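Trainee: One structure coming up, written as structure tokens, with questions to follow.
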Amino acid sequence: MSSPPLSLFNELKRRNVFKVTIAYIVIAWLIAQVLQLILESFGAPEWVMKTVLVLMAAGLAFAIFFAWAFEITPEGLKRESEVDRTQSITPQTGKKLNYLIFALMALALAYFVYDKFVLSEGRDAALVEATTQAISEQIVTEEIPAQMGKSIAVLPFVNMSSDKEQEYFSDGLSEELLNLLAKIPELRVIARTSSFAYKGKDTSIAEVARELNVEHVLEGSVRKAGNQVRITAQLIRAKDSSHLWSETYDRSLDNIFVIQDEIAEAVVAELKVTLLGAVPTVETTDPVAYALYLQARHLWLQGRPESLDDAIPLYQQALKIAPDYVAAWVGLSEIYNEQAGKALRPLAEGLQLAQDAVNKALDIDSDHAPAYALLGRLAMYFENDLAAAARHLGRALALEPGNLDSLSQAATLLQNLGRLEQGISIQQYILARDPVNTRVLSNIGLAYWSSGLPDEALPPLRTALRLNPGNIGTQTTIGSALLFKNEPEAALLAMKKEPFEAFRLIGLVMAYHALGQENESDATLAELIDKYEQDASYNIAYALAYRGEADRAFEWLAKAVEYKDPGLAEIPTQIEFATIHDDPRWLPFLQSIGKSPAQLDAIEFEVTLPK
């Protein structure tokens, strides 16, 4: 029986037409940049460059025709119609084109960085680099982006109150508006991490829109005095910086939720978004509880141990006033979860408190998506139950398909299931909506490294590091990628710069071993064990595996199970364990913790990205 005919899109993809097109465009761009510098140096007239660009455009049509009509075979170049599809090697050719595109994009990014950092002074280097990284990642996945509809960035509203301590309120209001608009599937909203990267910076609206790739920007100010609040909001069209709409609201805090709904409705109306349903509305609660919630969340986002401690009584006060305040229960659960994960609270105690709080949230609202996403994280890292994590995250995404936090957890789960390519795809989707999110950049780098692609891992990791030099774990991951590139000296330098001591010691154990400095490696390992036996038992296990000490590695894996080390969730893709994959104890151990390939393959979890 003959196979059914392929659609035009699938046929273009099968013949590698898209990949050839991308490769041609990148090559043409690189040639144009270099040629422009040469022509400018010799003072050549403008028509020369224009002629070259016209010829390149004509060449693109030829390249597309060539990719469609011809195929490279082991016997040489043949017309596509002469090749038996069962003998076609287009998949192998496609993989080679992928490598070529990776290399070309690396060159393009290198030139872009040189142009922006060396030739053009005074620019915000970190934001430009991150945006470039996001664009390059999309190109590498060979997607040809469709028109994404209306897009907007909500900048942090300026605190105009006489009391600077009220900044939590202006920040919180901005985030609430952002989250409200993000619930509209027809509207692409840049996430908080990237929007708030401009806080306190003298960056023009046009620059913000260009760097975040949005058509519109919402900005404003908040002045709060006692129970009265004045909120000014204005919607700006990026291409000409024109004001589409502005409004000032003088109300009491009792009407704060009505104001947010009115702003969202006005934005939707001005953007002429065609909704599939009604404009979402905010969750209402007691205004005093709401102010306490915003203050607690402001402290949580700071991420410091003392700020986490300070946030807890504020959440508790809010819940004393409004016991059914779902967002406050979820916020409290997030605090306990983070404290347990950072060893700031006994693991069992922190996890039980987190579980109790999120369950309380779901008792109140059984359709609260963020609560299910948090349950998924707890199941994945602290309960060693990836099947349960898949169920919880599937429920979260069914309720809110575009929630970036839920999608981020889903990407992590896919990577822990060994489905790295799917995980990377989701992370890239998130990055397009959150271009300067260092956590996403780090996760993409980690996924590439786990895939055995250190060259692809290093650019996003280094971009994350430039955006946030104190990012925990990034230097260690860079060092690990360099170890697998057989560059131990460079790896050692990276490991030494890791700000978090436990990760730094783990990295140094491996780097010293790679350099043949066994005394230093042993001494560092002894220090690591002395300080972090329980908190880093899993990491000690893979460091020992990297050193080729299989027996000790399995001993420490047993300790990791005993101590319920959350790192075990990542064992299917931890490259350092490759040295013991052939050990007869490896597969039985994976089976004992539910992480064998067969067990992971049996877990059903599919994510459909919103269009």
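The values are calculated or read from the model by the stated rules, or taken from the named source; none is laboratory data. Computed from a predicted structure; not experimentally measured. Please note: Cβ atoms are built from the backbone with ideal geometry, for glycine as well, and neighbour counts cover all protein chains shown. Remember, those area values only see protein heavy atoms, side chains included, never the ligands or the DNA or RNA. Shrake-Rupley method; radii C 1.70, N 1.55, O 1.52, S 1.80 Å.
Trainee: Would you confirm whether or not region 290-300 contains a residue that is open to solvent by 70 Å² or more (accessible area, probe 1.4 Å) and either modelled with pLDDT under 95 or not aliphatic (A, V, I, L, M) (or both)? Break it down stepwise before answering.
Mentor: Restricting attention to region 290-300, the residues satisfying the condition of being open to solvent by 70 Å² or more (accessible area, probe 1.4 Å) are none.
No, there is no match, as no residue in region 290-300 is open to solvent by 70 Å² or more (accessible area, probe 1.4 Å) and either modelled with pLDDT under 95 or not aliphatic (A, V, I, L, M) (or both).
Trainee: How many residues are over 21 Å from Asn179 (Cβ atoms) and part of a loop (DSSP other than H, G, I, E, B) when one looks only at region 291-335?
Mentor: Going through region 291-335 one residue at a time, the tally reaches 2.
Trainee: Please specify each residue of region 534-545 satisfying the condition of being touching a helix residue (DSSP H, G or I) at 6+ places or on another chain (Cβ under 6 Å) and either touching a residue at least 40 places away in the same chain (Cβ under 8 Å) or outside any helix (DSSP H, G or I) (or both).
Mentor: Step one: list which residues in region 534-545 are touching a helix residue (DSSP H, G or I) at 6+ places or on another chain (Cβ under 6 Å), which gives 536-545.
If the condition is that a residue be touching a helix residue (DSSP H, G or I) at 6+ places or on another chain (Cβ under 6 Å) and either touching a residue at least 40 places away in the same chain (Cβ under 8 Å) or outside any helix (DSSP H, G or I) (or both), then Ala536 is the only one that fits.
Trainee: Look at Leu353 and say whether it is closer than 16 Å to Gln409 by Cα and surrounded by 18 or more Cβ atoms within 10 Å (Cβ to Cβ).
Mentor: Numbers: closer than 16 Å to Gln409 by Cα: no; surrounded by 18 or more Cβ atoms within 10 Å (Cβ to Cβ): yes.
No.
Trainee: Right, here's the next one. What's the number of the only condition in (1) in a helix (DSSP H, G or I); (2) open to solvent by 60 Å² or more (accessible area, probe 1.4 Å); (3) without any contact (Cβ under 8 Å) to a residue 24 or more places away in the chain; (4) not acidic (Asp, Glu) that Lys531 fails to meet?
Mentor: Of everything listed in (1) in a helix (DSSP H, G or I); (2) open to solvent by 60 Å² or more (accessible area, probe 1.4 Å); (3) without any contact (Cβ under 8 Å) to a residue 24 or more places away in the chain; (4) not acidic (Asp, Glu), Lys531 misses just condition (3).
Trainee: Say we look at region 336-349 and pick out the residues that are over 18 Å from Val561 (Cα atoms) and either aliphatic (A, V, I, L, M) or in a helix (DSSP H, G or I) (or both); which of these is most open to solvent (accessible area, probe 1.4 Å)?
Mentor: Only one residue fits best here, namely Leu344.
Trainee: Exactly one condition in (1) open to solvent by 50 Å² or more (accessible area, probe 1.4 Å); (2) touching a Gly at 6+ places or on another chain (Cβ under 7 Å); (3) assigned to a helix (DSSP H, G or I) is not met by Arg504; state its number.
Mentor: If we test Arg504 against (1) open to solvent by 50 Å² or more (accessible area, probe 1.4 Å); (2) touching a Gly at 6+ places or on another chain (Cβ under 7 Å); (3) assigned to a helix (DSSP H, G or I), just (2) comes out false.
Trainee: Ok, one more. Can you name the residue in region 230-283 that is within 30 Å of Ala206 (Cβ to Cβ) and acidic (Asp, Glu) and is also surrounded by the fewest Cβ atoms within 10 Å (Cβ to Cβ) among such residues?
Mentor: The qualifying residue surrounded by the fewest Cβ atoms within 10 Å (Cβ to Cβ) is Asp240.
Trainee: Now a separate question. Any idea which of (1) open to solvent by 70 Å² or more (accessible area, probe 1.4 Å); (2) assigned to a helix (DSSP H, G or I) is the one Asp582 doesn't satisfy?
Mentor: (2)
Trainee: Evaluate the following for Tyr336: is it without any contact (Cβ under 8 Å) to a residue 40 or more places away in the chain and closer than 23 Å to Tyr381 by Cα?
Mentor: Against the criterion (without any contact (Cβ under 8 Å) to a residue 40 or more places away in the chain and closer than 23 Å to Tyr381 by Cα), Tyr336 qualifies.
Trainee: Considering only residues of region 369-385 that are more than 27 Å from Leu590 (Cβ to Cβ) and open to solvent by 30 Å² or more (accessible area, probe 1.4 Å), which is nearest to the chain's Cα centre (by Cα)?
Mentor: The extreme case among them is Pro370.
Trainee: I've got another one for you. Would you confirm whether or not region 482-499 contains a residue that is under 21 Å from Ile424 (Cα atoms) and either in contact with a strand residue (DSSP E or B) (Cβ under 8 Å, 6 or more places away or on another chain) or part of a helix (DSSP H, G or I) (or both)?
Mentor: Checking region 482-499: at least one residue is under 21 Å from Ile424 (Cα atoms) and either in contact with a strand residue (DSSP E or B) (Cβ under 8 Å, 6 or more places away or on another chain) or part of a helix (DSSP H, G or I) (or both).
Trainee: Now for a separate question. Which condition number in (1) in contact with a Leu (Cβ under 8 Å, 6 or more places away or on another chain); (2) under 30 Å from Ser408 (Cβ atoms); (3) open to solvent by 50 Å² or more (accessible area, probe 1.4 Å) is the one that Phe169 fails?
Mentor: (3)
Trainee: Still on this structure, please answer the following. Can you go through Gln574, Gln591, Gln599 and tell me which one is touching a residue at least 40 places away in the same chain (Cβ under 8 Å) and either under 23 Å from Leu413 (Cα atoms) or not aliphatic (A, V, I, L, M) (or both)? Reasoning before the result, please.
Mentor: On the way: Gln591 fails: touching a residue at least 40 places away in the same chain (Cβ under 8 Å); Gln599 fails: touching a residue at least 40 places away in the same chain (Cβ under 8 Å).
Result of the check over Gln574, Gln591, Gln599: Gln574.
Residues checked against (1) without any contact (Cβ under 8 Å) to a residue 60 or more places away in the chain; (2) closer than 24 Å to Gln534 by Cβ:
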position	(1), (2)
Pro459	no, no
Gly470	yes, no
Lys496	yes, no
Glu501	yes, yes
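Trainee: Just need a number here: residues in region 183-196 that are at pLDDT 85 or above and either open to solvent by 30 Å² or more (accessible area, probe 1.4 Å) or of a type outside the set (A, V, I, L, M, F, W, C) (or both).
Mentor: Of the residues in region 183-196, 6 are at pLDDT 85 or above and either open to solvent by 30 Å² or more (accessible area, probe 1.4 Å) or of a type outside the set (A, V, I, L, M, F, W, C) (or both).
Trainee: Right, Leu173: of a type outside the set (Phe, Trp, Tyr), in contact with a Lys or Arg (Cβ under 8 Å, 6 or more places away or on another chain) and under 20 Å from Val279 (Cα atoms) or not?
Mentor: Answer is no for this residue.
Trainee: What's the total number of residues in region 586-611 that are part of a helix (DSSP H, G or I) and either open to solvent by 30 Å² or more (accessible area, probe 1.4 Å) or more than 13 Å from Glu570 (Cα to Cα) (or both)?
Mentor: We begin by selecting, within region 586-611, every residue part of a helix (DSSP H, G or I); these are 586-592, 597-601.
So of that shortlist, the ones also either open to solvent by 30 Å² or more (accessible area, probe 1.4 Å) or more than 13 Å from Glu570 (Cα to Cα) (or both) come out as 586-589, 591-592, 597-599, 601.
The qualifying residues number 10.
Trainee: Now, a different point. Condition first: among the charged types (D, E, K, R), part of a strand (DSSP E or B) and out of contact with any Leu (no Cβ under 6 Å at 6 or more places or on another chain). Now tell me which residues in region 218-259 satisfy that. Spell out the reasoning first.
Mentor: Of all residues in region 218-259, those among the charged types (D, E, K, R) come to 219, 223-224, 230, 237, 239-240, 247, 250-251, 254.
From what's left, part of a strand (DSSP E or B): 219, 223-224, 230, 237, 247, 250-251.
Hits for region 218-259 are Arg223, Lys224, Arg230, Glu247, Asp250, Arg251.
Trainee: Next question. Looking only at region 451-463, count every residue that is in contact with an Asp or Glu (Cβ under 8 Å, 6 or more places away or on another chain) and surrounded by fewer than 23 Cβ atoms within 10 Å (Cβ to Cβ) and tell me the total.
Mentor: Quick first cut of region 451-463, residues in contact with an Asp or Glu (Cβ under 8 Å, 6 or more places away or on another chain) only: 451, 460, 463.
Next cut, surrounded by fewer than 23 Cβ atoms within 10 Å (Cβ to Cβ) only: 451.
Here the count works out to 1.
Trainee: OK, next. Could you grab me the full set of residues in region 505-526 that are in contact with a helix residue (DSSP H, G or I) (Cβ under 6 Å, 6 or more places away or on another chain) and closer than 26 Å to Lys342 by Cβ?
Mentor: Result: Leu505, Ile506, Gly507, Leu508, Val509, Met510, Ala511, Thr524, Leu525.
Trainee: While we're on this one: Restricting the search to region 386-417, which residues are open to solvent by 40 Å² or more (accessible area, probe 1.4 Å) and not in a helix (DSSP H, G or I)?
Mentor: Hits for region 386-417 are Glu400, Pro401.
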